[in-house]
Protein chains: 2
Amino acid sequence: MKLSMKTDYALRAIFTLVEFYGEKPIPIRELARRNEIPKRFLEQILLQMKERGWVDSLPGKVGGYRLARDPSKITMGEIVRHFEEVLAPIHCVSVAGYKRCSQEPVCRFRRLMLNVRHVVATMMDGTTLAAVYKGLPVTNEEVFSEPLVEGAGI
Amino acid sequence: MKLSMKTDYALRAIFTLVEFYGEKPIPIRELARRNEIPKRFLEQILLQMKERGWVDSLPGKVGGYRLARDPSKITMGEIVRHFEEVLAPIHCVSVAGYKRCSQEPVCRFRRLMLNVRHVVATMMDGTTLAAVYKGLPVTNEEVFSEPLVEGAGI
DNA sequence: CTTATATCTACTAAATTAGTCGTTAATGAA
DNA sequence: TTCATTAACGACTAATTTAGTAGATATAAG
């Protein structure tokens, strides 16, 4: 259910590129430092994001990375899906990552998983980098004081 | 973002116990066969579910496993959370599995992740085994014909 | 006392995750 | 042209997690 560090790092990095969108390119070194990401690992991540056209780069003295598209034209869903393969909780309710499961005709919980996939996909695909960037960081009070269903954790 | 096989197997098995709730105990062999789960692996899973009080067992010739509590008193959230540790997409928005992240004060996407966690937790914690069992299995047509946001996969 | 079941403890093979490392190529400035 | 600084490329690896296996013991019914 959890995102990998790679996805987390990708999001951290791209949001600092959002911050400097339209300005000068930011070198990996700086992206790594600001977001506490191992530099050589970030290199791979940025390369993938470049292949997908979200980012571009310039070598040389004043080189670095820039956001290649308007942040209102890139969704969270695209990025997370690229690094995680699937948003769905199980493959049998995934469209892009669908894999047949022998239990499909009798599985009781498949419908719930489909519903979960649907709300998550809707939220992720409906949210652009620009929209996320406009929001303020959430505080820990908000995280922990949230109205939880049945008092359960998480 | 995806459930492990262990969680999947746990859910498969517990739903056949729901099916026989109030009747005679079902042996592992039978649970494994019906749900296509490796028997020795299922053994471990059932033991964990027994420790949590969802299931009990009888050894001996007519032994096997039974659901120990009413299926309307067990939620999907409890089970998934037990086997996955967290429902949240990242630790920093998890209550039970919270881990501090150095980026918290500046992280832009933490709020979206909190919202995702919230809807998933609400769905999972608000759904009992009994409620899931009442529903019919979903068809592949329903899975693939779903109204997708922006035409994106999954 | 036999047979069929659960229980306990440990081990392991495969896959995935989270990186590292060495080298080359491009660019701008001196 | 040469130097410093950056990205790009390809391979390698260590640690962790996942998905199991295996062998032996305990319990109950007939």
Where only alpha carbons of the protein assembly as shown are counted, the Rg and the Dmax (Å): 21.8, 77
Centroid-to-centroid separation of the range A:53-105 and the range A:1-35 [C-alpha atoms, Å]: 15
Choice from A:49, A:124, A:113 showing the highest fluctuation, given a GNM over chain A with Cα pairs closer than 10 Å: A:113
The range A:72-140: trypsin sites (Lys or Arg not before Pro) in DSSP coil with no more than 16 other Cβ atoms inside 10 Å: A:99, A:100
Debye log10 I(q)/I(0) for the range A:75-135, one point scatterer per Cα, at q = 0.21, 0.26, 0.28, 0.30 Å⁻¹: -0.80, -1.05, -1.14, -1.23
Label geometry 7 Å along the beta-carbon vector: residue B:101 inter-copy distances in nm: 2.7
Carbon plus sulfur fraction of accessible area for the range A:5-67, probe 1.4 Å, in percent: 51
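Take every Cα pair under 8 Å in chain A that's 6+ residues apart, average their separations, divide by the length, and report that relative contact order as a whole percent. It would help to have the intermediate numbers written out before the result.
Values: 154 pairs, mean separation 34.0, N = 154.
Relative contact order of chain A: 22 percent.
Work out how much length residue A:136 to residue A:99 would gain on full extension: take 0.36 nm times their residue separation and subtract the Cα-Cα distance, in nm to one decimal. Intermediate results must be reported in sequence, preceding the final value.
Values: separation 37, 0.36 × 37 = 13.32 nm, distance 3.83 nm.
Contour length minus the Cα-Cα distance gives 9.5 nm.
Compute for chains A and B the buried accessible surface, both sides summed, probe 1.4 Å, and express it in Å² to the nearest 100.
Numbers: alone 10580 and 10550 Å², together 14410 Å².
In total, chains A and B hide about 6700 Å² from solvent.
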With Cα atoms, 0 to 90° folded angle of helix B:110-125 axis to chain B main axis: 20
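Return the carbon/sulfur percentage of the accessible area of the range A:75-135, one whole number, probe 1.4 Å, all protein chains in place. Working shown, then result.
Numbers: 1230 of 2140 Å².
That fraction is 57 percent.
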Nearby aspartates and glutamates by direct alpha-carbon distance to residue B:61 (threshold 15 angstrom, same-chain neighbours under 8 apart not counted): B:30
Values of log10 I(q)/I(0), in the order q = 0.13, 0.18, 0.21 Å⁻¹, for chain A under a Debye, Cα-only, solvent-free model: -0.73, -1.14, -1.34
Anchor residue A:73: lysines whose Cα lies under 19 Å away (excluding residues fewer than 8 positions away in-chain): A:50, A:134
Modelled label reach - residue A:50, point 7 Å along Cα→Cβ, the range A:1-43 residues with backbone N closer than 14 Å: A:25-29, A:40-43
Principal axis dimensions, the range B:5-67 - Cα atoms, whole angstrom, descending: 27, 23, 20
Mean accessible surface per residue for the range A:5-67, computed with a 1.4 Å probe while every protein chain stays in place, in Å²: 54
Charge dipole of the protein assembly as shown about the Cα centre (unit charges at C-beta), most positive-ward option of B:136, A:64, A:113: A:64
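The values are calculated or read from the model by the stated rules, or taken from the named source; none is laboratory data. Keep in mind the model is a prediction, meaning the values are calculated, not measured. A quick note on method: Cβ atoms are made from the backbone with ideal geometry, for glycine too, and the neighbour counts reach across all protein chains shown. For accessibility, only protein heavy atoms count, side chains too; no ligands or nucleic acids. Shrake-Rupley method; radii C 1.70, N 1.55, O 1.52, S 1.80 Å.
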